[in-house]
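Student: Pasting a structure here, questions to come.
Derivation of every value follows stated rules applied to the coordinates shown; laboratory data play no part. None of the values given here were measured: they were computed from a predicted structure. Using ideal geometry, Cβ is built from the backbone for each residue, glycine included, and neighbour counts are taken over all protein chains shown.
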Amino acid sequence: MGNLFGKKKSRVTEQDKAVLQLKEQRDKLKQYQRKIEANLMRERQVAKTLLRDGKKEKAKVLLKKKRYQEQVLSKTDNQLSNLEQLVQEIEFAQVEARVIEGLKTGNECLKKMHQMMSFEDVERIMEETQEGIEYQREIDELLAGGLTEDDEAAVLEELAQLTGVEEAGNQLEQLPDVPMDKLPEIEQEERRKERTEEREMVLAS
Amino acid sequence: MASFQWPWQYEFPPFFTLQPNLETKKKQVAAWCDLVLAYHKHHKIFNLDVKESQSSPLFNNTKIDRKLSTDAIYSILEELRVKGNIEWTDKTRAQCLVMWRTPEEWGNLIYRWASGCGMTNTVCTLYELAHGDDTKREEFFGLDDWLLKRALRTLEKQRKAEIMSFGTSEGVKFF
């Protein structure tokens, strides 16, 4: 409760502070490089102008200066490379530290789990389970062979009765087959004659 | 950088005089507000000096010989202040800070970049964020220091980052 209104605990480590200082140094070097590069471009243009105007000596001095600045640029490149390598090594070491911390936590968790359930406990539980299975099997056997001879006879008698009822029912259901013979056909001509006669009679009336 | 596209109103002389009709004036001020923000966004300008701006192309169209008055400029800037897009830097209201995006929006953009580049649990310098080689294509590249810090403070409130400041060193660690 005391920390309720207090400042939150910082998540920034001492290594982070070191990395920040290195990165700031890197930024300053980059800014310095940009400045030199801008100077080099400008001086190249000035040297061209001086040569065009015939001021060879001044152009020579300027090119010497330019050469020196190029060497400085090369040195800063090396320094920058060293700085960046150092930063990467620190950052990778931090990642490794987090991985190791994770493994440590995992191992501790696993140990606690093993403490909760020892080998002896598992063996005992398995034995108890086996005993339970055996006991259940015995009960099943008792139930399966639990009928007396009288019960068996009664069951068979009931079965015979049921079979008799079913047979009687089958006899009632036996009906004669449907005849398959074709009916005699009246010839078509006779039918036609009959129709015409009927029509004539209707017309006459 | 492509040239800035002026809206059609910029070539319309009455646009440079605040209209007496309330409805018309409302639309006019809204159009000016959009123009001010669009202009600053395009040129990545984060500060506005009222005196200097009178002669800048923003409020002065030499082509049609029209210029917005100081009172009109203040009316527009006041509207932008109400919307939360500008803040006066002094009581005399001579200069203001322009925000075409809120600090929260800038913060989200920065955090999206940090997450995308795997920069969480990593320290960054403020220079690296606003002027680094890795952020050249990002919208927050070239962001003014005051706005960058304000954007990072919004991330700090969300516990997505922590601003580091000791001695002359200033940076941020993302989480």
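Student: Tell me, what is the FRET efficiency for B:S69 and B:E104 to the nearest 0.05, using R0 = 25 angstrom and their Cβ-Cβ distance as r?
Tutor: 0.15
Student: To continue, here is another question. Output the pairs from A:K35/A:K58; B:K26/B:K51; B:K26/B:K160; A:K58/B:K44 with a Cα-Cα distance over 30 Å in this structure; if there are none, say none.
Tutor: Numbers: A:K35/A:K58 22 Å; B:K26/B:K51 24 Å; B:K26/B:K160 40 Å; A:K58/B:K44 40 Å.
Pairs exceeding 30 Å: B:K26/B:K160; A:K58/B:K44.
Student: With +1 assigned to the C-beta of every Lys and Arg and -1 to the C-beta of every Asp and Glu, and no other charges, what is the dipole magnitude of the protein assembly as shown about the Cα centre in debye, to the nearest 20?
Tutor: Value, rounded to 20: 8480 debye.
Student: What does the C-alpha gyration tensor say about the overall shape of the range B:1-94? Classify as rounded when a/c is under 1.5, otherwise prolate if a/b is larger than b/c, or oblate.
Tutor: rounded
Student: How far apart, in nm, are the 7 Å Cα→Cβ label points at A:D181 and A:T13?
Tutor: Here the answer is 11.0 nm between the modelled labels.
Student: Given a Förster distance of 25 Å, report the FRET efficiency between B:S115 and A:S81 from their Cβ-Cβ distance, rounded to the nearest 0.05.
Tutor: On the way: r = 28 Å, r/R0 = 1.11.
Here the calculated transfer efficiency is 0.35.
Student: What is the sum of charges around A:D16, taking Lys and Arg as +1, Asp and Glu as -1, for the other residues whose C-beta is under 12 Å from the C-beta of A:D16?
Tutor: In short, +1.
Student: Between A:V95 and A:Q130, what is 0.36 nm times their sequence separation minus the Cα-Cα distance? Round to one decimal in nm.
Tutor: Here the answer is 7.7 nm.
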